[in-house]
1. Quick one: count up the residues across segment C:22-45 that are closer than 21 Å to A:Ile50 by Cβ, more than 7 Å from chain A (Cβ to nearest Cβ) and out of contact with any Lys or Arg (no Cβ under 7 Å at 6 or more places or on another chain).
2. Among what's in segment C:71-86 and is part of a loop (DSSP other than H, G, I, E, B), within 8 Å of chain A (Cβ to nearest Cβ) and touching a residue at least 40 places away in the same chain (Cβ under 8 Å), pick the residue that is surrounded by the fewest Cβ atoms within 10 Å (Cβ to Cβ).
3. Scan segment B:180-203 for residues that are among the aliphatic types (A, V, I, L, M), under 26 Å from A:Asp215 (Cβ atoms) and more than 10 Å from every other protein chain (Cβ to nearest Cβ) and report the count.
4. I'm told B:Phe108 meets every condition in (1) at pLDDT 85 or above; (2) in contact with a helix residue (DSSP H, G or I) (Cβ under 8 Å, 6 or more places away or on another chain); (3) more than 9 Å from chain A (Cβ to nearest Cβ) except one. Can you identify the failing condition by its number?
5. Surrounded by fewer than 20 Cβ atoms within 10 Å (Cβ to Cβ) and over 30 Å from A:Val299 (Cβ atoms): which single residue out of A:Leu126, A:Leu135 fits that description?
6. Across segment C:101-110, what is the number of residues that are surrounded by fewer than 19 Cβ atoms within 10 Å (Cβ to Cβ) and within 14 Å of chain A (Cβ to nearest Cβ)?
7. All but one of (1) assigned to a loop (DSSP other than H, G, I, E, B); (2) in contact with a Lys or Arg (Cβ under 9 Å, 6 or more places away or on another chain) hold for B:Asp193; which doesn't?
8. Specify the residue that is nearest to A:Ile114 (Cα to Cα); the eligible residues are those in segment A:309-328 that are assigned to a strand (DSSP E or B) and of a type in the set (A, V, I, L, M).
Amino acid sequence: MNGLLQQDVNKETFTINLGPQHPATHGVLRVKLVMDGEYIVEAEPVLGYIHRMHEKMGENRTWAKFLPNCGRMDYLSAMSYNHGYVAAVERAAAIEVPERAEYLRVITVEMNRISSHLLWFGAFVLDLGGFTPLLYAFDDRELILDLLESVTGSRLTYCYFRFGGVYNDIDDAFIAGTREFIKRQRKRMPMYDALVTKNIILIKRLKEIGHISKDMAIRYGATGPVARGSGINYDVRKNEPYSVYPEFDFDVPVYEEGDSMARYMVRMDEIEQSMRIIEQALDKLPEGEIKPKKAIKLVKPEKGDYYHAVEAARGSFGVRLVSDGKNQAYRLKLRSPTYSNLSLYGEATKGMLLPDALALMGSLDLVIPEIDR
Amino acid sequence: MLLAKIKEALSSLYENIQETEETPDADAAAAVEAEDTAVASAAEEVQAEETAPEQEESKPEEVAEPEEPAPPPGPKETDYKAKGYHLDVDLPPEKLPEAAEILLREDFFIESITGVDWIDDEQLEAVYDFNHFDELCRVVLRTRTDRENPAIPTISHIYQGANWHERETHDFFGIKFIDHPNLEPLLLPEDADFHPLLKDFKA
Amino acid sequence: MGNEVVQPPIIHFDTLDKILGLGRANSLWPMTFGLACCAIEMMATGAARFDLARFGAEVFRPSPRQCDVMIVAGTISKKMEPAVKTLYDQMPEPKWVIAMGNCAISGGPFVFEGQYGIVEGADKFLPVDVYIPGCPPRPEALIEGILELEEKVTGHRRWPRVEAK
């Protein structure tokens, strides 16, 4: 009896709750933590606090009426989500897209990717305790938002793509502004590098923290910067090219270590690669239509099921649509990359310290409404 | 290369459906292991011989060919440009864990699991998407189950990521995954007892 | 549901009330309650370009015990509703609620026939003082909402309304 009590006291664990309301950034995520002192014994994310029924709405709304929903799933890289849905429907209904529209799509998607990574950067360092990079990142981001607002009309939840093209053309002011932005950003990135990336506190908090192995990525289906930080060279833009990505010359940053620092470096390098793509796209931008010549009145995909994947800022976003020939989807499945990325949180945080687990959560780049859909 | 290899490996599952309709699955599993590297021609022969055993399940006496030429069961290659995936595999629910083991051995990663409610056929379908990191090859596994008592064996002991996907499919459609460690609601409130994505769901 | 009965004070000090009102209005401390997309616009309002700090409202506190105003930014789902109510109850008096964005006003773009998951508006269970429409509202709109709240607290507006010519 005495021995049993001794055993209990030494191994006493308690359960605490992280969330669902915690400092802005991620959203409403609740994590049930079973702790032994400062060490995590078990971590279980609880979802569903922002479940907004996108898949049910896919069945209730016509193909075109679902477009505004795409921007609200992952609002930080809404253009990629637009692209994924529109490309899936175009594949199902065999709609051709004019070349200029494809280039405009790529330019806006890549600008959105940069703004998403900048916000991730600010919020991640805020989680680790540094407040200042957030203000600098938001400052850079506001320039992108101004440019995109002049073309699409919205700052955050874009609804710019239509079936067969985009709805508004760009003008010279946009092109000049984008080149100006790229020039300015190329001067800012070394500043971030020197002040944040080479900061000894950041290095100590991120290096060798939160190891995710390649085998774990396969069993959980992790994609995007989470997989590329673990040595897996998988980018939908290169492995499964869509749109006009084959015409651009860009690298895919891959780091082998698998710790939080590797994922951080992958995203910082991706900002530069996105800028390269935008420059090449602006140089090669062809003249032409941005919508198909014959206006599409009614979209009627053939019966059957189709799949299309694009590379969003957080991984491979897939749309599986089952159509029965009508004006609405029979079933619309949205494969969200963060869903698979977060599912490995329970296994990856076993035995970690709580602050390290939060650093790992930040490096996974979560946007909870995308998980809950 | 990879597509042909995985098609061979998965088609060996179908031989056992035809040969061992009454024998237990343990023998079938051993047979699968031994015949994993079966020659393609042998597999094709077997597929050509038995023309749709699933259709003939209700009529075991009839050995004659069915009226319409049904495609032989087995992994079907699809037109990637039109559909977006390479291999379409239709399996009965019991064969799913074996198929998942074959795919894990070849380093496929699980992309998503979802359900579709075919209310006219009175069936629920579960669709599994797999992909490969090194060489693009999308494999889709499908399985159908009865709408009244839907039950499918889990693959979450093979692919841990399937744990959440199966919980979500259970939330939305009510499909019970046998031997799943923790089939609680994931996206719906904990006390939810409704399955919203069924076609006859009324709020 | 959406009204709150607050006991009026027994003794009124007019000038003191005015001073207290001025003090409260110019140092509203919001709670970080970003649920969805509107949260990003709330963060952008607190950042360098739009700068909510000039109105005294920069200090976003995570803990409800230290806040005056709860900016409900985003969709409230049925699973989240008890948590929101708990947080509101934990805030000390005097407290205000701003409903930011279409989802917090009336459910937003997620209302459809047969919807099963969201609460159609924060005013179904909270007393809302200011409504800011938009999906998401621009940061300038959030600033205007804060100014409206200040007007509600003190009785006069910080600077005159802009007339369109």
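The values are calculated or read from the model by the stated rules, or taken from the named source; none is laboratory data. Everything quoted here is computed from the prediction, not taken from an experiment. Every residue, glycine among them, receives a Cβ derived from its backbone with ideal geometry; neighbour counts consider all protein chains shown.
1. The first filter runs over segment C:22-45 and keeps only residues closer than 21 Å to A:Ile50 by Cβ, leaving C:30-45.
So of that shortlist, the ones also more than 7 Å from chain A (Cβ to nearest Cβ) come out as C:30-31, C:38, C:42, C:45.
Okay, now just the ones that are also out of contact with any Lys or Arg (no Cβ under 7 Å at 6 or more places or on another chain), so C:30, C:38, C:42, C:45.
Within segment C:22-45, residues that are closer than 21 Å to A:Ile50 by Cβ, more than 7 Å from chain A (Cβ to nearest Cβ) and out of contact with any Lys or Arg (no Cβ under 7 Å at 6 or more places or on another chain) number 4.
2. Initial filter on segment C:71-86 (part of a loop (DSSP other than H, G, I, E, B)): C:74-76, C:78-80.
Subset that is within 8 Å of chain A (Cβ to nearest Cβ): C:74-75, C:79-80.
Add one more test, that the residue is touching a residue at least 40 places away in the same chain (Cβ under 8 Å), and what stays is C:74-75, C:80.
Values: C:Gly74: 28, C:Thr75: 30, C:Met80: 23.
Among those that are part of a loop (DSSP other than H, G, I, E, B), within 8 Å of chain A (Cβ to nearest Cβ) and touching a residue at least 40 places away in the same chain (Cβ under 8 Å), it is C:Met80.
3. The first filter runs over segment B:180-203 and keeps only residues among the aliphatic types (A, V, I, L, M), leaving B:183, B:186-188, B:192, B:197-198, B:203.
Checking the rest, the ones that are also under 26 Å from A:Asp215 (Cβ atoms) come to B:183, B:186.
Applying the additional criterion that residues be more than 10 Å from every other protein chain (Cβ to nearest Cβ) yields B:183.
Residues flagged as among the aliphatic types (A, V, I, L, M), under 26 Å from A:Asp215 (Cβ atoms) and more than 10 Å from every other protein chain (Cβ to nearest Cβ) within segment B:180-203 amount to 1.
4. For B:Phe108, the exception is condition (3).
5. Values: A:Leu126 fails: surrounded by fewer than 20 Cβ atoms within 10 Å (Cβ to Cβ).
None of the others qualify; the one that does is A:Leu135.
6. Taking segment C:101-110 first, the residues surrounded by fewer than 19 Cβ atoms within 10 Å (Cβ to Cβ) are C:106, C:109.
If we keep only those that are within 14 Å of chain A (Cβ to nearest Cβ) as well, we get C:109.
Number satisfying all stated conditions: 1.
7. Unmet condition: (2).
8. So the residue we want is A:Ala312.
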